[in-house]
């Protein structure tokens, strides 16, 4: 007998012996196979593809939000570093105490302590005794790096200093300003001329 799907195969029929037949029916007709494929596609493949697409969209949205946060941090920290640099380096003999103490509010950590010591012990007494005034102007600021809680900005400074009745002296410098987020504020944690 022939071997076809859904048929019984018997070899001993012609010999007159009771046939020992083997059922070769595998239960998979063309319609059933299509149903199995549709079931696999419907229950496993399509949900897996949808999940991968959703994960990919979520990842790209996260990357976009992170990039926006970094851009915002760069802009904020460059502005804060600019303003703080001017505040820290500008004073007059009669306003040195008030101005330089006010500048400390934008500082944090060990840098704040060292700036306080420098201004209290050297800058303020010198400004008052020798009639020193200084005016700082930032000509440019560039973000070097910025993350959620830490940033580094290069600040280009022109400072004009007048001692008593002497002629003004101009100094150009570049300062590496480090900022840390403390609470909701960016504060200067480092100020290093380079």
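Computed from label points 7 Å out along Cα-Cβ, the spacing between residue 156 and residue 173 is 1.7 nm.
So for the stretch 53-193, averaging the separation of alpha carbon pairs under 8 Å that are six or more residues apart and normalising by length, what relative contact order in percent results? Intermediate results must be reported in sequence, preceding the final value.
Values: 236 pairs, mean separation 34.1, N = 141.
It rounds to 24 percent for the stretch 53-193.
By its C-alpha gyration tensor, with a ≥ b ≥ c as the square roots of the eigenvalues, how is the stretch 84-194 shaped: rounded for a/c under 1.5, else prolate for a/b larger than b/c, else oblate? Here the stretch 84-194 falls in the oblate category. Relative protection proxy for 80-90, 112-122, from highest mean packing down: 80-90, 112-122 (other beta-carbon atoms within 10 angstrom). Enter the Cα centre distance for the pair the stretch 72-98 and the stretch 144-171, rounded to the nearest angstrom. So the two Cα centres are separated by 9 Å.
Distance between the modelled labels on residue 139 and residue 92, one decimal in nanometres: 2.5 nm (7 Å Cα→Cβ projection).
What the Cβ-Cβ distance of residue 52 and residue 76 gives, at R0 = 41 Å and to the nearest 0.05, is a FRET efficiency of 0.70.
Computed from the coordinates by the stated procedures, all read-outs in this text should not be read as laboratory data. Bear in mind that the values here come from a model prediction, so they are computed numbers and not experimental data. For neighbour counting, all protein chains shown are included, and Cβ atoms are generated from backbone atoms with ideal geometry for every residue, glycine included.
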